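One structure is given below, encoded as structure tokens.
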Amino acid sequence: MPETAKENSKESLEQISTMLHNILVGIERGTHREKYLDYEIYGCLEKTSDNFVKVRVSEKAYKENKADFDNLRNYLKTKDNLKHIAGALKDKLHAEHIYPRVLLKEDLYNLTPDYDENKILKLLQKKAKGILITKKEADTLDKGKDNLKSTMPKGWKNVDERLEAKGIKIHQENGKDVYYTIAGF
């Protein structure tokens, strides 16, 4: 990776870390409204160099909207060479945190009282990830017996296991996950 790309990536992660640090301290002191933390977590999902949120797509969402996704190959690409999802396609799908947002909030609160920057960065890199799934897949995660709306499967080690537990497969090409960008997750 070129040195400037490394520097930009590190700077972006430091900005995210600093932002969360300030929010968590504000919540602890009572000077920041907790409800805004949800929006801040949205802002901490994987980012591209152009500051778009990087998401994966479920296999089912891809197949049901294949023509739309295939058209993205010729659509705007970021500096990171990622395909950008247009609003009309995004509106057909459900944006999901792979690791439930409520658990991410709890994990962030558990970093108190020191809010160590490295711990925040590691936590976000491991758990703040997004995916676009179908509305039916969202129901599979969120509703019914043994739903995983705000929990993870027992004994999980990787955040993707929440999707796997409900039979949701991540779209891949040539054996690798495909990432798209989206302006507002």
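The values are calculated or read from the model by the stated rules, or taken from the named source; none is laboratory data. Given the structure is predicted, the values throughout are model-derived calculations rather than measurements. When we count neighbours, we look across all protein chains shown, and the Cβ atoms used for this are built from the backbone with ideal geometry, even at glycine. These area figures cover heavy atoms from the full protein model, side chains too; ligands, DNA and RNA do not enter into them. Shrake-Rupley method; radii C 1.70, N 1.55, O 1.52, S 1.80 Å.
For 48, 151, give me the order by solvent-accessible area with a 1.4 Å probe, most accessible first, ignoring ligands, DNA and RNA.
151, 48
Per-residue HN-Hα couplings for segment 48-64, Karplus 6.51 cos²θ - 1.76 cosθ + 1.60 at θ = phi - 60°, whole Hz, x for Gly and Pro?
Per-residue couplings from phi come out as 8, 5, 8, 6, 7, 7, 9, 10, 9, 9, 6, 4, 5, 4, 5, 5, 5 Hz.
Which net charge results for the neighbourhood of residue 86, defined as the other residues with beta-carbon distances under 11 angstrom from its beta-carbon, given Lys and Arg at +1 and Asp and Glu at -1?
After counting each charged neighbour, the total is +1.
Which far-off residues, 5 or more places away or on another chain, put their amide H under 5 Å from the one on residue 99, with H placed in the peptide plane?
129
Under 5 Å between amide hydrogens, which residues at least 5 positions from residue 83 or on another chain qualify, with H placed 1.01 Å from N in the peptide plane?
181
Would you grab the residues whose amide H sits under 5 Å from the one on residue 49? Only those 5+ places off in sequence or on another chain, please, with H modelled 1.01 Å from N.
For residue 49, the qualifying residues are 80.
Using a 1.4 angstrom probe on the protein heavy atoms only, could you order 56, 29, 101 from most to least accessible area?
29, 101, 56
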